[in-house]
Amino acid sequence: MSTAKQENQVNLENQTKQVDQADQADQADQADQVNQADQQRQADQLKQEKKNWYNQKEKGNNFFLTLTGLIVKYTPLWFITLTTYVVASFYYFTNKTLRGDIKKYQDNLTSYFPDLKLGFLAPLKQVVNFADSVVNRVASAQGRKVYRELLVEDPDNLLAEVSQDPAGKRGQVFFFSHIGSIQICQTFLHYKAHKDFKLNILLDKKNSQKLHKVLSKSGDKQMGQNFNIITVDSLDSQQMLNLANRVERGEWFAISADRLSENGDKYVTEDFLGHQAKFPLGAWILASLLQTPINFIYCIKQKQQIIISLEKFAPVITEKGAKRTQKIKQLISTYAQHLEAKCRKYPLYWFNFFDFWQK
């Protein structure tokens, strides 16, 4: 074979190798792109499948809640009760995810408290209690009495503090959880607190706004003046200054301490009913920045009895830096134990209808 032919053959082999290498590189790039696309799809799917409370739309819309308001206002109690059972049963039996989340909560609860017996119909009863709480919120705002007895548990005499003239006093913070209904507490405080008492309820933008619009229409004008809803998707310096000024004027705050918002809240993980759960830091950090004592408020309706619970929990958090973080973690650990006790006492009034232990 001539030298020219040999050179041509070598060149051809080299070109073939280069093409093969290029093809392999292209295939590798394509494989990487496919893997990245698969990973992105999996991430998107996981994000879509997350059953956090903020991805589940508030049960009902303006029309439904307005209709509820009309039913509560113009129909007898027996009809309200019947409607509540029908709506709750329909929602329970048509929502598989809801049934699964309630089962997980009740399984964890009864495993943690083996002596606690809930019964076969306990999951449905929990949904009925939630539906009943919605009716009670509307009825309470309308001034309609849907209970026979009011029981106030106030071992620390907090009611006396909110009954005093707020002039010259600093405000405080109520932490509430989704055991029972904070809205009934709102109406209770309206009638029991001082006429100048103001309570600011801090809410995530997507949480229960429709409900509060309806409640504001149902209640009287004075209630609207005494209670204010503040949206806190994120707290900037201007908002913090506004809140601090309100505290100095003697205004109080109410904020949820048991739910993460959709904005990626900072959180700590604590043992709750035998399993690790995430608890938001936001409420605790806010209380420390505002330099306010921390109190708890609950409202439970059992049959025809309304139970209002007011409790002092912690004094002003004075620690700074790392010590403050450590102090807050200690308080949240105690808070988780406090919630466990409340769940044991009122097992079917846990209204966090999502996977609370989701990792």
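Going through the range 307-324 one residue at a time, which ones are touching an Asp or Glu at 6+ places or on another chain (Cβ under 9 Å) and more than 24 Å from Arg170 (Cα to Cα)? Correct list: Ile307 only.
Can you tell me which of (1) touching a Gly at 6+ places or on another chain (Cβ under 6 Å); (2) among the aliphatic types (A, V, I, L, M); (3) surrounded by fewer than 21 Cβ atoms within 10 Å (Cβ to Cβ) is the one Leu151 doesn't meet? Among (1) touching a Gly at 6+ places or on another chain (Cβ under 6 Å); (2) among the aliphatic types (A, V, I, L, M); (3) surrounded by fewer than 21 Cβ atoms within 10 Å (Cβ to Cβ), Leu151 violates only (1). Filtering the range 265-285 for residues that are touching a Leu at 6+ places or on another chain (Cβ under 7 Å), within 25 Å of Trp350 (Cα to Cα), among the aromatic types (Phe, Trp, Tyr) and not in a strand (DSSP E or B) leaves a non-empty set. Inside the range 329-358, residues that are without any contact (Cβ under 8 Å) to a residue 60 or more places away in the chain and either under 19 Å from the mean Cα position of the chain (by Cα) or crowded, with 18+ Cβ neighbours inside 10 Å (or both) make up a count of 5.
Comparison of Leu235, Leu260, Leu289, Leu241 shows that the only residue that is surrounded by fewer than 17 Cβ atoms within 10 Å (Cβ to Cβ), assigned to a loop (DSSP other than H, G, I, E, B) and of a type outside the set (D, E, K, R) is Leu235. If we scan the range 168-182, do we find a residue that is part of a helix (DSSP H, G or I) and within 24 Å of Ile308 (Cα to Cα)? Yes, the range 168-182 contains at least one residue that is part of a helix (DSSP H, G or I) and within 24 Å of Ile308 (Cα to Cα).
Here is a list of conditions, (1) of a type in the set (Val, Ile, Thr); (2) more than 17 Å from the chain's Cα centre (by Cα); (3) crowded, with 22+ Cβ neighbours inside 10 Å, and Val162 meets all of them except one; can you say which number that is? Exception for Val162: condition (3). Screening Lys117, Lys96 for residues that are over 29 Å from Asp204 (Cβ atoms) and either surrounded by fewer than 20 Cβ atoms within 10 Å (Cβ to Cβ) or at pLDDT 95 or above (or both) leaves exactly one candidate, Lys117. Of the residues Ala131, Ala167, Ala139, the single one that is modelled with pLDDT under 85, among the hydrophobic types (A, V, I, L, M, F, W, C) and either surrounded by fewer than 21 Cβ atoms within 10 Å (Cβ to Cβ) or not assigned by the TED database to the domain that holds Pro315 (or both) is Ala139. Per the listing Lys73, Lys125, Lys103, Lys117, the residue uniquely without any contact (Cβ under 8 Å) to a residue 40 or more places away in the chain and either in contact with a Phe, Trp or Tyr (Cβ under 9 Å, 6 or more places away or on another chain) or assigned to a helix (DSSP H, G or I) (or both) is Lys103.
Yes/no per residue for (1) modelled with pLDDT under 95; (2) in contact with an Asp or Glu (Cβ under 6 Å, 6 or more places away or on another chain); (3) of a type in the set (Val, Ile, Thr):
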residue: Gln225; (1), (2), (3): yes, no, no
residue: Val232; (1), (2), (3): yes, no, yes
residue: Leu241; (1), (2), (3): yes, no, no
residue: Leu260; (1), (2), (3): yes, no, no
residue: Gly264; (1), (2), (3): yes, no, no
residue: Leu281; (1), (2), (3): yes, no, no
residue: Trp284; (1), (2), (3): no, no, no
residue: Pro293; (1), (2), (3): no, no, no
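Taken as a whole, the structure places Asn207 among residues that are modelled with pLDDT under 85 and either in contact with a Pro (Cβ under 9 Å, 6 or more places away or on another chain) or not in a helix (DSSP H, G or I) (or both).
The values are calculated or read from the model by the stated rules, or taken from the named source; none is laboratory data. Because the structure is a prediction, the values reported are computed rather than measured. We place every Cβ from the backbone using ideal geometry, glycine too, and count neighbours over all the protein chains shown.
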